[in-house]
Each structure stands twice: as C-alpha cells, then as structure tokens.
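Enquirer: Once you've had a glance at the structure underneath, I'll fire off some questions.
Every read-out reported here was derived from the displayed coordinates using simple, explicitly stated rules and does not represent laboratory data. Note that the structure is predicted; figures quoted are calculated from it, not measured. Every residue, glycine among them, receives a Cβ derived from its backbone with ideal geometry; neighbour counts consider all protein chains shown.
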Number of protein chains: 2
Amino acid sequence: MERVSGAALRQKILDEAIGLVYGEGVDHITMRALGERLGYSPATIYLYFRNKGELLTEIARHGFEKMAERSLPLMADPDARAALRGSIVAYIDFALENPALYKLMFEALPPARQNESRFPKARELYDRRIEVFRRGAEQGVFRDVDSDIQFAVYWSIMHGFAMLSSTDRMPPPDSTRSVRQLRELVADEVITALAPD
Amino acid sequence: MERVSGAALRQKILDEAIGLVYGEGVDHITMRALGERLGYSPATIYLYFRNKGELLTEIARHGFEKMAERSLPLMADPDARAALRGSIVAYIDFALENPALYKLMFEALPPARQNESRFPKARELYDRRIEVFRRGAEQGVFRDVDSDIQFAVYWSIMHGFAMLSSTDRMPPPDSTRSVRQLRELVADEVITALAPD
C-alpha cells in the first residue's frame, strides 16, 4: 500500500471513530463496528491502529487540540481576569457540548501527563493556565497563591461543575438559574475570590 | 411468608448488594448474581426489589446515610470555618474511600432531589451546608455570597477534586504533594477565598 494513501486511510478511520464518539459515545466504538461502517475488514483497521486503546488515544488527542483551539486564544487576553473568566466558561462549555469526548479525555483514559508526547496540547493548556495566574498576581488582580493549589481549585471547579451539570445535579436544589447563567456566576465568583485583600 | 422475616430477608439481600458495591463495584450487581451468592432464586430477589434500579436506589440511600453520619457532626461545629473545612475534607475522603458507592450516588443514579422521599439525608446535607455559609456570613468570617453560587462553587470543588483524584489526575502535573496534602490545602484555600475584604 502506498504511503500517502495509508496516511489518508488512517485519517479516514480516525474521522469515522471521532464521529462515532460525538454521535453515540465511546462505548459504541469497536474495531468491528468501525470496519463495518467503512466497508473494511477489522484486520484492515488493525493495520492502522494496534488496538482500541491506541484509537481512543488518538481521539482524545483530537479533543485536546479542539479544546486548545478554543481556549488558548481566550487565555492570551492580556487582562488576566478576562483570560481566566473566559477560559472557565469555555472549559465548561466544551465539556457540556462534547460529553462523550470530554469523558474520554478526562475520565476514561489515563491522565494526559502519562502520555505527554501524544498530548502536547494538554501540556500547553496546563502551562498557559498557570501563566494566567502568574500574570494576574503580577497585575495585582489575583492573590499570590501557590500554583499547585490554585490549579487544583480551579480545575476541580471546572471539572466538578461540568460533571454535576451533565448529570442534572447543577443547578443545585431550589435554584431558579439555568446552567448557563450559573456557570457565568461561578466564573465571576472565582475572580472575586482571587482578589487580593 | 411472615412479615418480620420478609423485612429481615430484604435487609439481607440489601446488605449483600452493598457489600458487592464496596468490593467489586456497581457493574457486578445483577439480580441473578445476588441470588446465587445468597442461595435464592432471582424470583425471590424480585419479591423484595422490583428491579435493579430499586435495589441501586436503596444502596445509594445507605450511602447518603453513611455520608451524613460522618459529615453532619462536623458541620455542627459552631465555628463556621472549622465546619466548612471539616466537611470539605470529609466529603473528599468519603468519595475516595468509597469510589463505587460515590459514583452510584453522584453520577450513575438521577439526582437525589428527584427522589427526596428516598434520600432525606441528601436533602439534610444540602440544608446544613447552606446553613454553614449563612453562619459564616453572620460570624463575619465569610463573604456574603448568594447561596446558589456558593453551593455550586463548593460542591464543584469537592466533586471535581474527588473525581480527578480517583483517576490519578490530582495532584496536577509537577506537583510534589500527595492527594491527602493537597485536599487539606484546597480546603484552606476555600476558607481564605471566602474571607471578607
């Protein structure tokens, strides 16, 4: 098989698998189902992806690229408060709009840090987030908090809010707000909570 | 079948199912597997639990009772900061020590608010958490934040931290801290972030 068409075929299989994740979720992906949809034997699929794990890793890589495409420009805002606020809202929206992809990236697969060469965008997102906190401290708009703790709090809020919303646990009992309203208010509260004394 | 022994048998089935959740997780519970372990036919199990959903609901109820037993005394601390700090740490520990039970309560089943009569302890936990915020504002140790937003931020932190830790995503990349150290520091940061100007 010629090299170029091999790469093209690999991409075609990957695109089909990504489409399946968006449409039906990760559970529906099998090498056999993919082959059937594309008209290839499972053996052909295995020529391009050693196993389902490798295929899922590539789908997650696509997810980190998509997330980075959306979040990195927001985090580049010179105003650290705007950068943080925008990136919180964008993160939650990404998770809610792409629930199966998000769960694959942040729950089903091992952490991206165990596979940094496959997920360079995950590392870049992490580095840029830490950078936003540092910039905010320099600008005097954020308290100077240890970056581990800062990141742990901030990531927990984004992940927790997204997961609790996706199973209809947010907004909390008795709230009259929508999830969309509440995520804006949560982002505002994070900014307020980081204000220096 | 005599009424008392019926209740005892129902409890015996439930205890076995709870033990299965602790030991092997929710996925391993089937009416047939339960029957086999107890030496009853599946039909006997169905006499006491209409379906697997009803059984899982009862297991979750046990979970909320267990969580309440641990958290409510901490939240009764007259010092609102100590009450909040203790309840954050206890929540995360409950989730990390009982991962399958926690996922059943907060992910797999519909939200407790859709089934308040079955989960009175879930409601009580929610009410006491809101009460801690109110007390802290009265004591002048917390900013006076809208309770929806307060609860959304605080629950997201606890849930997010627990879920990210349970898949080895916490502590974040480059951190030298353990999950146990970090959860203490996260609780401290929540208290600091709530301090009035």
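Enquirer: Pairwise over distinct Cα atoms, reciprocal of the mean inverse distance: report the Kirkwood radius of the stretch A:1-54 in Å, one decimal place.
Expert: 11.2 Å
Enquirer: Place a +1 charge on the Cβ of each Lys and Arg in the stretch A:86-197 and a -1 charge on the Cβ of each Asp and Glu, then give the dipole magnitude about the Cα centre in debye, rounded to the nearest 20.
Expert: Magnitude of the dipole: close to 360 debye.
Enquirer: Projecting each Cα onto the charge dipole of chain A (Lys/Arg +1, Asp/Glu -1 at the beta carbon, about the Cα centre), which of A:Leu125, A:Ile88, A:Pro42 comes out farthest on the positive side?
Expert: In chain A, that residue is A:Pro42.
Enquirer: Report the trypsin sites (Lys or Arg not before Pro) located in the stretch B:1-79 that are in a DSSP loop and have at most 16 other Cβ atoms inside 10 Å of their Cβ, or state none.
Expert: Counting only loop positions with at most 16 other Cβ atoms within 10 Å, the trypsin sites (Lys or Arg not before Pro) in the stretch B:1-79 are B:Arg50.
Enquirer: Kirkwood hydrodynamic radius of the stretch A:143-197 from all distinct Cα pairs, in Å?
Expert: Here the Kirkwood hydrodynamic radius works out to 12.3 Å.
Enquirer: Return one number: the angle in degrees, 0 to 90 and rounded to the nearest 10, between the long axis of the Cα atoms of helix B:179-193 and the longest principal axis of the Cα atoms of chain B.
Expert: The answer is roughly 50 degrees.
Enquirer: Something else: Just give me a number: lysine pairs in the protein assembly as shown, eight or more positions apart or cross-chain, with C-alpha atoms less than 18 Å apart.
Expert: 13
Enquirer: Pop out the ³J(HN,Hα) list for the stretch B:92-107 in order, Karplus 6.51 cos²θ - 1.76 cosθ + 1.60 with θ = phi - 60°, rounded to Hz; leave Gly and Pro as x.
Expert: Calculated HN-Hα couplings, in order: 5, 5, 4, 5, 6, 7, 10, x, 5, 5, 4, 5, 4, 5, 10, 9 Hz.
Enquirer: Hey, for A:Gln11 with labels 7 Å out along Cα-Cβ, what do the inter-copy distances come to in nm, ordered shortest first?
Expert: Computed spacing set for this position: 6.6 nm.
Enquirer: What gaps in nm, shortest first, separate A:Thr176 from its twins in the other copies when you place the label 7 Å past Cα toward the beta carbon?
Expert: So the label point of A:Thr176 gives 5.2 nm to the other copies.
Enquirer: Can you list, bin by bin at 10 Å, the percent of alpha carbon pairs in the protein assembly as shown, starting at 0?
Expert: Taking all Cα pairs of the protein assembly as shown, the binned fractions are 4, 20, 28, 23, 15, 7, 2, 0 percent.
Enquirer: How long are the semi-axes of the equivalent ellipsoid of chain B, defined as square roots of 5 times the Cα gyration tensor eigenvalues? Whole Å, largest first.
Expert: Three semi-axes, in Å: 37, 20, 12.
Enquirer: Return the sequence-ordered ³J(HN,Hα) values of the stretch B:127-137 in whole Hz as given by the Karplus equation 6.51 cos²θ - 1.76 cosθ + 1.60 applied to θ = phi - 60°, using x for Gly and Pro.
Expert: Ordered by residue, 3J(HN,Hα) equals 4, 5, 5, 4, 4, 4, 4, 4, 4, x, 5 Hz.
Enquirer: I would also like to ask the following. Rg and Dmax in Å for the stretch B:1-104, alpha carbons only: what are they?
Expert: Rg and Dmax of the stretch B:1-104, Cα atoms, are 16.7, 53 Å.
Enquirer: Related question: Taking beta carbons within 10 Å but only from partner chains, what does the mean come to for residues A:140-152?
Expert: What the average comes to for A:140-152 is 5.
Enquirer: Roughly speaking, what is the centre-to-centre gap between the stretch B:79-130 and the stretch B:6-74 when only Cα atoms are used, to the nearest Å?
Expert: About 19 Å separates the Cα centre of the stretch B:79-130 from the one of the stretch B:6-74.
Enquirer: Separate question: Can you pull a Stokes-Einstein diffusion coefficient for the stretch B:84-197 at 4 °C (1.567 mPa s), Rh from Kirkwood over Cα pairs, as a whole number of µm²/s?
Expert: 85 µm²/s
Enquirer: What residues qualify as long-range amide H neighbours of B:Phe142, i.e. H under 5 Å apart, gap of 5 or more or another chain, H built at 1.01 Å from N?
Expert: B:Ala137
Enquirer: For helix A:52-75, what angle does its Cα long axis make with the longest principal axis of chain A, in degrees from 0 to 90 and rounded to 10?
Expert: The angle comes out near 30 degrees.
Enquirer: Helix A:147-166 versus the longest principal axis of chain A: what is the Cα-based angle in degrees, 0 to 90, to the nearest 10?
Expert: That helix lies at roughly 60 degrees to the long axis.
Enquirer: For the stretch B:33-49, just list the computed ³J(HN,Hα) in residue order, Karplus coefficients 6.51, -1.76 and 1.60, θ = phi - 60°, integers in Hz, with x standing in for Gly and Pro.
Expert: Running phi through 6.51 cos²θ - 1.76 cosθ + 1.60 with θ = phi - 60° gives 4, 5, x, 4, 5, 9, x, 10, 6, x, 4, 5, 4, 5, 5, 9, 10 Hz.
Enquirer: Would you kindly calculate the translational diffusion coefficient of the stretch B:110-164, applying Stokes-Einstein with the Kirkwood radius from alpha carbon pairs, for 20 °C and a viscosity of 1.002 mPa s, and quote it in µm² s⁻¹ without decimals?
Expert: 173 µm²/s
Enquirer: While we're looking at this one, here's another question. Rounded to the nearest 20 Debye, what is the dipole magnitude of the protein assembly as shown about its Cα centre when Lys and Arg each give +1 and Asp and Glu each give -1 at the C-beta?
Expert: For this selection, approximately 920 debye.
Enquirer: Which whole number gives the average count of other chain Cβ atoms within 10 Å of the Cβ atoms across peptide A:103-109?
Expert: Mean partner-chain Cβ count within 10 Å for A:103-109: 2.
Enquirer: Can you list the residues, at least 5 places off or on another chain, whose amide H is less than 5 Å from the amide H of A:Met170, using H built in the peptide plane?
Expert: A:Ser165
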